[in-house]
Amino acid sequence: MDISQIITPDDALKLESHQQYQFYFDLVQHGMNTVVEGAKRLHDDKISQQETEFIRLSAERILYTLKGLELRYLHIDENTMEIDVTESGYPNYSALRFLNNEIAFIEKEKNVKVDEVNNLVDGFVEKLMTKKERIGKEEISTAAFSLFHNTIEKQQLFDNFVWGAVRPSELKEYDYVAYWMNYDVLYNRPFVSVMYFDIDEEKNSGMQKFDEQAIIKAVKGTVPASTIQSVIYDIDKNLEELEPKLFKRIDLGPLFSIFSRDDKNISITLRNAIKEKNLPIDSFAVEIIIDHVKSTGILETGSRFSFIKKSTIQNWSEAERNAYLMAPHAVIQYLYNNNEALIKQLAKHPIDVEPIKKEEQ
């Protein structure tokens, strides 16, 4: 067993009833929807429009995965999913891994029967309208299983590593920007990494070209939970033609809610407010933390380090951190009134997002 799978009762919470599952999925999906809608409003002098687009695309992929998990665990009678309650609020990575593995198994195993959704729906209509009979729980589970495996696309799911793309940089001082996503198995929450780089034209016969597969290989060789300087160093030393110049790691979490059990100030404040009925039980906040490092020049490697593929690598600055918060107005106001110091630590004023509407619950 991988060490990342070891959890304690204080780390995770099992959802056991249909009502708990429904409440949780309504909450976490609404939280991700607010990130999708509010991403562009994150734009300031520290976050480019292009970076907010990467955040939006990543949040949409998380949302797609959450909908798959909802269909899998809410309607198919195997309620065993765990959520991480310590500085996460997202499903434990084991749930995502199980989701990916099960879909891959069904795709390969031809003997597993997956009924056509339309046929099942027609049978439900016949039973309800003509025979005046109720639909049984097992039949609903069968239909959910069919819908799940006929509609969920494995390549659209979030995983421990998902490659994004390389695009021309909108920041004039850099040639290109690459982004990718990780669902970290240690922290159980999603991260987006953004790397700006130039091309060493001397090594490319005066041409601006790069090997995207080489970038992917270098990125996959890193440990996402390492310090940001360690991650970009490991990438830089393995890419001969590229000169990384700016690296950002965007933490899409934690998602704070009634499920939070950690000792962060916002968790404690939110829990107390819900407990004392100063805020509704479905109150939430999403914290987005951005760490970044810049190149401050180059270091000559010479022949001292045989494991480094290039003669020069970048020297990196100390990491800088900026925190942002998305929450409904009532939550923001409560934080202002009861924990103003927390608000003052943010990079900009909290982004006001819609609360969960009653019909969503």
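Each value in this text was obtained by applying a stated rule to the coordinates, not by laboratory testing. All of these numbers come straight from a predicted model, not from anything done at the bench. Reconstructed Cβ throughout: ideal geometry from the backbone, glycine too, with neighbour counts over all protein chains shown.
Which value, to two decimals, describes the C-alpha radius of gyration of region 162-360 once divided by 2.2 N^0.38 Å?
Rounded to two decimals, the normalised Rg is 1.26.
What residues qualify as long-range amide H neighbours of residue 184, i.e. H under 5 Å apart, gap of 5 or more or another chain, H built at 1.01 Å from N?
Amide H neighbours of residue 184: 189, 191.
Between the DSSP loop rule and a limit of at most 12 other Cβ atoms within 10 Å, which trypsin sites (Lys or Arg not before Pro) in region 19-113 are left?
110, 113
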